[in-house]
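A short worksheet on the structure shown next.
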Amino acid sequence: MVDGRITIDGRVAKLGDQVAGRERVCVDGRLIKLSPDQSRTEHQHLAYYKNAEPRAANDNPDSEPLLDLPRPRHGRWIDAGALDPNSSGLIILTTDGELAFRLTRPATVVEREYAVRVLGEPSPEQLRELELGVEIDEGVARLASIEHAGGAANNRWYHVVLREGRHRELRAALGAVGLAVSRVIRVRFGSIELGKLRRGASRPLDREEVDGLYALAGLAPPKPNHERRATTSVGTRGRPQAARGSKARGRR
């Protein structure tokens, strides 16, 4: 756009101008053909059941896991809420970098629910302390709720709700009151539930789930392609980098 190199229907383009694919776009006077994929891009969003065991390309136990995912139509998958390598369950993947960035900001409140298996039976005092808040390395960790969900003897299950997503916060909080955690499974992220999704499997989010994610992030929900006229931006910057979390690869 500098020095009028890009034009749209004969006028000089400005930063942020958008086209629907029917306009005449030229660079240095040369016509640029817009394919349907270029002019009608819609982001994709997946729910994925992550295994606890990292499957890395080498034997380094600190390597981040590689997820076996369908190849996105455009862009790349970005983890909108990472799980540590020792935890399993629901993660949300999106090709919308702005959405992922907003959902992973500390200021964004997203309820995350976990099924947690602990060794032994927590005392009423321990449970009360967890709900009031306990000191961990990153500050005070407070569980929004913790409810018994079955089990007996040395293996008892609890459903725990957090409203923050700090690294290993749940394990650190339970450890701070003397509870040993043997398993953590995320079963809900916002209003999206793990449900009957199998380990290692993924499913596209439905329209209601997508709209809910954008609402949590403080963004306007995207319109379906048939309702969108201007979807290709001229001169926009690159999408934000993925938040720290699981790396994703497309299935070849």
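The values are calculated or read from the model by the stated rules, or taken from the named source; none is laboratory data. It should be emphasised that the depicted structure is a prediction, and the values quoted were computed from it without experimental measurement. Virtual Cβ from ideal backbone geometry, glycine too; neighbours counted across all protein chains shown.
In the stretch 94-134, which residues are in contact with a His (Cβ under 7 Å, 6 or more places away or on another chain) and farther than 14 Å from HIS159 by Cα?
Result: THR94, THR95, ASP96.
Name the strands (runs of 3 or more DSSP E) wholly within the stretch 102-202 that hold at least 1 residues that are touching a residue at least 40 places away in the same chain (Cβ under 8 Å) and under 16 Å from ALA82 (Cβ atoms)?
Strands (runs of 3 or more DSSP E) meeting the threshold: 112-119, 155-162, 181-189.
Go through the stretch 127-160 and give me each residue that's of a type in the set (Asp, Glu), surrounded by fewer than 14 Cβ atoms within 10 Å (Cβ to Cβ) and over 16 Å from TYR114 (Cβ atoms). Don't jump to the end; show me each part of the working.
Going through the stretch 127-160, the residues of a type in the set (Asp, Glu) turn out to be 129, 131, 135, 137-138, 147.
Of the ones still in play, those that are also surrounded by fewer than 14 Cβ atoms within 10 Å (Cβ to Cβ) are 131, 135, 137-138, 147.
Those that are of a type in the set (Asp, Glu), surrounded by fewer than 14 Cβ atoms within 10 Å (Cβ to Cβ) and over 16 Å from TYR114 (Cβ atoms): GLU135, ASP137, GLU138.
Taking the stretch 85-101 only, how many residues are surrounded by fewer than 19 Cβ atoms within 10 Å (Cβ to Cβ), touching a residue at least 60 places away in the same chain (Cβ under 8 Å) and part of a loop (DSSP other than H, G, I, E, B)?
Total meeting the criteria: 1.
From ARG203, ARG199, grab the single residue that is in the same structural domain as ARG102 (by TED's automatic domain parsing) and at pLDDT below 95.
Of ARG203, ARG199, the one residue that is in the same structural domain as ARG102 (by TED's automatic domain parsing) and at pLDDT below 95 is ARG199.
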